[in-house]
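Down below is the structure, laid out as structure tokens.
The values are calculated or read from the model by the stated rules, or taken from the named source; none is laboratory data. None of the values given here were measured: they were computed from a predicted structure. Cβ: placed from backbone, ideal geometry, glycine included. Neighbour counts: every protein chain shown.
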Ligand SMILES: Cc1cc2nc3c(=O)[nH]c(=O)nc-3n(C[C@H](O)[C@H](O)[C@H](O)COP(=O)(O)O)c2cc1C
């Protein structure tokens, strides 16, 4: 089973991280890190408590606390075994830390390692509007080889529900890692 790292931070949009996790678990071993703020936003937006969330994780998922800097994936020698790192949703705080090489917690560290090992890094930022600082930090990540996206569902596929809009964004993240899915209707695809 291929391995992948998923980080959920304290930006609004816990549902994006939750749905990406759900999709990844269908065919991957997932190393999951949720920041302390990520857990707070999770409870705020979905009513799920940290203990209940952790209790329900399946066998093909290993959870690390944001402070577990000694975890295997802190090391390039282990992160290189994975497909890369997804941060979704990504706060502007985590974006700024990674863009400036400040590895204060395990999420920052795995992103830093992904960039140095030339593994894929996808940061799904959620903020609106953006300051020049955010934009400059996005530029830094992009120049360093990562991919930055602001969660922005499309309308050309005629979404009918909020779920459709979430699935579009999640599908675009999975596309980046070459992971098959049926989450959104592609442009001019009559087969769905
Ligand atoms: C309910 C709630 C919603 C938030 N939404 C956002 C957001 O959309 N984008 C963002 O950058 N920060 C948002 N924040 C602030 C972050 O949680 C905060 O900056 C935090 O320090 C980020 O830490 P982390 O990156 O380690 O998770 C939100 C906080 C709360 C409590």
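Each residue in region 19-42 was checked for being surrounded by 15 or more Cβ atoms within 10 Å (Cβ to Cβ), within 15 Å of the ligand (Cβ to nearest atom) and in a helix (DSSP H, G or I), and 5 of them qualify. Evaluation of residue 178 against the conditions (1) more than 14 Å from the chain's Cα centre (by Cα); (2) farther than 25 Å from residue 25 by Cβ shows that the sole unmet condition is (2). Tallying residues that are more than 17 Å from the chain's Cα centre (by Cα), over 19 Å from residue 13 (Cα atoms) and part of a helix (DSSP H, G or I) within region 107-134 yields 3.
Conditions tested, residue by residue: (1) away from the ligand (no atom under 14 Å from the Cβ); (2) loosely packed, with under 12 Cβ neighbours inside 10 Å; (3) modelled with pLDDT of 95 or more.
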{"residue": "53", "(1), (2), (3)": "yes, no, yes"}
{"residue": "56", "(1), (2), (3)": "yes, yes, no"}
{"residue": "59", "(1), (2), (3)": "yes, yes, yes"}
{"residue": "71", "(1), (2), (3)": "yes, no, yes"}
{"residue": "78", "(1), (2), (3)": "yes, no, yes"}
{"residue": "88", "(1), (2), (3)": "no, no, yes"}
{"residue": "94", "(1), (2), (3)": "no, no, yes"}
{"residue": "98", "(1), (2), (3)": "no, no, yes"}
{"residue": "130", "(1), (2), (3)": "no, no, yes"}
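Just one residue in the set 137, 104 is over 14 Å from the mean Cα position of the chain (by Cα) and crowded, with 21+ Cβ neighbours inside 10 Å; that residue is 137. Assuming residue 66 fulfils every condition listed in (1) out of contact with any helix residue (DSSP H, G or I) (no Cβ under 6 Å at 6 or more places or on another chain); (2) farther than 25 Å from residue 152 by Cα; (3) in contact (Cβ under 8 Å) with a residue 24 or more places away in the chain apart from one, which condition is it? With respect to (1) out of contact with any helix residue (DSSP H, G or I) (no Cβ under 6 Å at 6 or more places or on another chain); (2) farther than 25 Å from residue 152 by Cα; (3) in contact (Cβ under 8 Å) with a residue 24 or more places away in the chain, residue 66 is out only on (1).
Among the residues of region 72-105, those identified as without any contact (Cβ under 8 Å) to a residue 40 or more places away in the chain and in a loop (DSSP other than H, G, I, E, B) are 75, 80, 101, 102, 103, 104.
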